[in-house]
Amino acid sequence: MAQSRQHSRMPRNLLIGFLVLLILYSLAGFLLLPWWLEKLVPDQLEQRMGWQADVGEISSNPFALSVEALNLSAQDSDNEKVVGLDRLYINLNFFELIRGVVGFEAIELDEPFIRLDLLEDYSVNFARDFQAANAGEGGKPAEPEKGQTPPSLYFKQFTVNGGELLFRDFTQPEMVEFRIIPLDLTLSDLATWQRDDRNSDYHLQAALGSQTIEWQGNLSVTPLYSSGNLAISGVDHKTLGHFLAPYLPYDLRGGKVTVRSDYELQSGDILSFSTSNGRFSVEDLAVAPDKQSEQPRLTTASIVIDDIGFDLNTREARVGPISLEQPDIALARNKAGEIDWVAALAAFNKGSGKKEPGAEAPEPAAAARPFRWSLESINVSGGRVLWQDQQPGSPAELTLEQLSLSMGDISSEMENPMSYQLQAALASGGKLSLNGQLTPRPFTLEAAIAGSGILLAVFEPYLQESANIAVADGTLGLDGNLNLDSQQEPLTGTFNGTAEVSGLNLQLPGSNERLISWQTLRLAPIEYNVHPARLEIGTVTLAQPAINLVRNTDSVHNVEQIILSSGAVDASAQPKQETGEDARFIFRIGQLMIEKGALDYTDRTLDPAFTTSLDQLNGTVTGLSNISPQQGKVSVKGRVGGSASVEFDGTIGTLGTEETSDLKLTMKDLSLPVLSPYFGRYLGYAVDSGKLALDLDYEITGSRIKASNRVVMDRLGLGQAIASQQAVNAPVKLGLALLRNSSGVIEMNLPISGDMASPDFSVGQVVMRAFVNLLAKAATSPFSVLGSIAELAGLSGEELGQMSFEPGKTRLVQGEAEKLAALAEALLDRPDLLLNIRGGVSPSVDGLALLRDELAANQNGKLSEQNWEEARKAYLAGERPLAPEVLNNLASARGASVQEILRDTHNVPASQLFMLDPSRNAEVSDDGNVIVEFTLDAR
């Protein structure tokens, strides 16, 4: 009976025990566990992290195996909030616990807050606080126990709702903070052990203002595997600028970046990582070279890179097309020659190039497989490049607009050629295009180049670096093929094509006067070889070239002002010149064709200024070269002064050598009054009429010149006298009359020679000086010149200017009649010449002769020697004079005799003969004859 009662109490006792345990479990779960956790969490956070934590409320449900914590907050040692949350909910999985797995049915975090600080040493605040709180002996954190294995964990659902991450960066001079809110994360079905049947799924969303991150995919911890896609959108320039500041030398001023890609990560025997379907885009990019720049100098509407892929195992990257829309870049070079972008990069590298003590660059693995990459294409549209240069004396500015570029087949295989096409327009005018292919290694370039309407004025500042010139107008066009090859040193290459400069107008800076101009200059074909340097041009066609040559009042020609004065140059700074035949530049021009050329010349040193023109120039120059043997030919015809004809022809030796060039210039019918200013300066008279003809033969060997200048002036008529300090001091009209023949023509040859390399040598001045000297000689030694012109055999000019008479007679000495004939011939040939005849007597010689004749007549011809000697002595002593009229009559008779012979015998017009007052003190020749002298004059 008792045993029966015991059996009947067993269930009750078990029930009571179960209820007691249940009550205890409930009390422990509902009351004790929350109380314990409320103490444990702050203590652990202080112990492990050194944080002061507060928990608003913790509740648990032992039957649901769940814990909920509300209003958790923790402050670090600086009393700043470091973590916090509104609600934490944890729900364990009972059945997973039975299997020995810590399984979480759900973990939920509502409105969590995390403050993550990146410290100056690039550590984070969490690691700093953990190390500080867990430091063992020596200040180092305690080592974990060996042999520990991570527990098996399972997360069925992990959720973060409305989280906030405050990121603060202390690595830069000024602290910057970023607040990422909201931060949402969903993670499901994640286990820490290997499962072959399934993976975990995750989804992360975060925002930093309008900047968003979305990351989703699946995940396996053991083995480590993950695949999915990542998208970062709208990252603005301030965020990028902050994180790129240690690596970017430039200042970001604008732009938004969006990146997206699929990826796959797997860890096994080797780490495998790859990406695919990637896309990178930038909108409204704006960059400045430095923070001091007022405006961005690089902008783009958009940059898009599609189809980006990367494989870590195969060490290969693939990039699809890259598109740049409306890129706009400005480059500036200062007076020191520094380009702003390059200078900023150099300054950045200098400031950030310090190596940490003991830090050594890692050596590349010897057997590492080379990294390969490929780029499908690059496409640029609507581009603009602005070049601003302060280094020339005058600032230069060039702008390329409507820039488009396309390149394809680009890869790490540098030996493969890549194609390209480039088109652009200059803002100043003109278009340029290049297309072909490029091989980076070894470098080769094939380019078809075409340009049209390129305005040359924009290149004026660079032209003025080597010449004092201003480009008022002119355009350049070219079309050809360029090939460069550096497979062997030095670089070799060729250019074949044509070029044309149209509408060129060059002036001196600050002047509106045209200096050099032409309608077109066409070079076709052009063949240029880079090494050895050689230029060959088939035909150079120069249409309507015009030169305005002006000699200014300071005697300096305007073309001389083109050449810049050379300053002192440090010889050590000069590039080393190549020597030998390879260093010589070779050029050849097959033919130069001149069409309707013109040259205007003005000499402002004269008053009035001299002006003339040489126009209607047409002709050819063939065979120009600086390599022997080469003989060119020149044949050019034109017009001078609007009416005179001019021809220029001859042969041209090899340029730059000592070979001889023979050139001839012939000019006819130039109106001499055009030259009146020069005649006024050097002769003292204007020119009223006449024509000029020239026949010039020039022999030029190196810089030496030997020339024959045949000058013919027809019917030169002088005008009014002009005061000039440079005029020759001689009777000019007499000189011209001596040079002028009976037809009114002056013909002379003025040979010259000299060294054209001498700064004091000028062909024009030498010719003019020779003419003036000849004229002065003619005026001061007229009979000498007359004798040479008359070509009198056996007679000198001095002999032609005087006649010898027998003493006391009007009879010429034997042989003097021939001189009168020659003199008459010269007078007849020069009707403007006037002969002045001055009869003369010598009182001593003629007086004695007349006295002797008188005594002999009185004594019937029987004059004794004694009587004559007495009479002679008395005459010489003045004791026995002759009749006063005797000597006068003899002197006049002699002059009249000469006049009569010239007029009656040789038909010299009386208008050319003039009698002068007789001389009573004539000279006596060595043989005792009396000399009567003539003088010449001109009408």
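Here is how the numbers come out for the structure above:
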{"quantity": "Residues of segment 660-686 satisfying the condition of being within 24 Å of ARG704 (Cβ to Cβ) and surrounded by fewer than 18 Cβ atoms within 10 Å (Cβ to Cβ)", "calculated": "THR660, ASP662, LEU663, LYS664, LEU665, THR666"}
{"quantity": "Yes/no for GLU446 being of a type in the set (D, E, K, R), crowded, with 17+ Cβ neighbours inside 10 Å and touching a residue at least 40 places away in the same chain (Cβ under 8 Å)", "calculated": "no"}
{"quantity": "Selected residue (criterion: nearest to GLY429 (Cα to Cα)) from residues of segment 483-498 that are surrounded by 15 or more Cβ atoms within 10 Å (Cβ to Cβ) and out of contact with any Gly (no Cβ under 7 Å at 6 or more places or on another chain)", "calculated": "THR494"}
{"quantity": "Counted residues, segment 15-33 - those being of a type in the set (Val, Ile, Thr) and either closer than 20 Å to VAL67 by Cα or outside the structural domain of VAL67 (by TED's automatic domain parsing) (or both)", "calculated": "1"}
{"quantity": "Evaluation of SER743 against (1) assigned to a loop (DSSP other than H, G, I, E, B); (2) closer than 18 Å to MET768 by Cα (one fails), failing number", "calculated": "(2)"}
{"quantity": "Selection count, segment 650-659, where residues are part of a strand (DSSP E or B) and surrounded by 16 or more Cβ atoms within 10 Å (Cβ to Cβ)", "calculated": "2"}
{"quantity": "Residue check for LEU663: outside any strand (DSSP E or B), farther than 16 Å from SER613 by Cα and of a type in the set (A, V, I, L, M)", "calculated": "no"}
{"quantity": "Some residue of segment 245-252 being in contact (Cβ under 8 Å) with a residue 24 or more places away in the chain, crowded, with 16+ Cβ neighbours inside 10 Å, assigned to a loop (DSSP other than H, G, I, E, B) and in contact with a Phe, Trp or Tyr (Cβ under 7 Å, 6 or more places away or on another chain)", "calculated": "yes"}
{"quantity": "Residue check, SER613 touching a Phe, Trp or Tyr at 6+ places or on another chain (Cβ under 9 Å), not β-branched (Val, Ile, Thr) and not assigned by TED's automatic domain parsing to the domain that holds ALA721", "calculated": "yes"}
{"quantity": "Looking only at segment 474-492, and only at residues there that are out of contact with any helix residue (DSSP H, G or I) (no Cβ under 8 Å at 6 or more places or on another chain) and polar (S, T, N, Q), the one that is farthest from HIS531 (Cα to Cα)", "calculated": "ASN481"}
{"quantity": "Lone qualifier among GLY453, GLY408, GLY429 - being surrounded by fewer than 16 Cβ atoms within 10 Å (Cβ to Cβ), within 19 Å of the chain's Cα centre (by Cα) and farther than 21 Å from ILE329 by Cα", "calculated": "GLY453"}
{"quantity": "Elements of type strands (runs of 3 or more DSSP E) in segment 826-939, at least 2 residues being closer than 15 Å to LEU812 by Cβ and touching a residue at least 40 places away in the same chain (Cβ under 8 Å)", "calculated": "930-938"}
{"quantity": "Condition met for VAL287 (touching a residue at least 24 places away in the same chain (Cβ under 8 Å), part of a strand (DSSP E or B) and more than 26 Å from ASN349 (Cβ to Cβ))", "calculated": "no"}
{"quantity": "Residue check for SER781: within 58 Å of the chain's Cα centre (by Cα) and of a type in the set (Ser, Thr, Tyr)", "calculated": "no"}
{"quantity": "Residue list for segment 467-478, filter: without any contact (Cβ under 8 Å) to a residue 60 or more places away in the chain and buried (at least 16 other Cβ atoms within 10 Å of the Cβ)", "calculated": "ALA470, VAL471, ALA472, GLY474, THR475, LEU476, GLY477, LEU478"}
{"quantity": "One residue from GLU143, GLU120 being modelled with pLDDT of 85 or more, outside any helix (DSSP H, G or I) and charged (D, E, K, R)", "calculated": "GLU120"}
{"quantity": "Residue match in segment 633-643 (condition: surrounded by 16 or more Cβ atoms within 10 Å (Cβ to Cβ) and assigned to a loop (DSSP other than H, G, I, E, B))", "calculated": "yes"}
{"quantity": "Residue that is surrounded by the most Cβ atoms within 10 Å (Cβ to Cβ) [pool: residues in segment 910-922 that are within 13 Å of ASN836 (Cα to Cα) and not aliphatic (A, V, I, L, M)]", "calculated": "PRO918"}
{"quantity": "Segment 202-233, residues that are closer than 12 Å to GLU264 by Cβ, in contact with a Ser or Thr (Cβ under 7 Å, 6 or more places away or on another chain) and surrounded by fewer than 16 Cβ atoms within 10 Å (Cβ to Cβ)", "calculated": "LEU224"}
{"quantity": "Of residues in segment 835-883 being out of contact with any Leu (no Cβ under 8 Å at 6 or more places or on another chain) and polar (S, T, N, Q), the one nearest to ASP937 (Cα to Cα)", "calculated": "SER842"}
{"quantity": "Candidates LEU564, LEU535 - the one that is modelled with pLDDT of 70 or more and in contact with a Phe, Trp or Tyr (Cβ under 8 Å, 6 or more places away or on another chain)", "calculated": "LEU535"}
{"quantity": "The one condition in (1) acidic (Asp, Glu); (2) more than 35 Å from the chain's Cα centre (by Cα); (3) surrounded by 19 or more Cβ atoms within 10 Å (Cβ to Cβ) that ASP603 fails to fulfil", "calculated": "(2)"}
{"quantity": "ARG639 vs. criteria under 27 Å from ASP760 (Cβ atoms) and at pLDDT 90 or above", "calculated": "no"}
{"quantity": "Segment 298-334, residues that are within 23 Å of ARG260 (Cβ to Cβ) and either without any contact (Cβ under 8 Å) to a residue 40 or more places away in the chain or among the hydroxyl-bearing types (Ser, Thr, Tyr) (or both)", "calculated": "THR300, SER302, ILE303, VAL304, ILE305, ASP306, GLY309, PHE310, ASP311, THR314, SER323"}
{"quantity": "Filter pass, SER628 being small (Gly, Ala, Ser), modelled with pLDDT of 90 or more and surrounded by fewer than 18 Cβ atoms within 10 Å (Cβ to Cβ)", "calculated": "no"}
{"quantity": "Extreme residue, surrounded by the fewest Cβ atoms within 10 Å (Cβ to Cβ), among residues of segment 845-867 that are under 22 Å from LEU916 (Cβ atoms) and not aliphatic (A, V, I, L, M)", "calculated": "GLY847"}
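The values are calculated or read from the model by the stated rules, or taken from the named source; none is laboratory data. What you see is a predicted model; the values in this text were computed from it and never measured. Glycine gets a Cβ as well: all are built from the backbone with ideal geometry, and neighbour counts include every protein chain shown.
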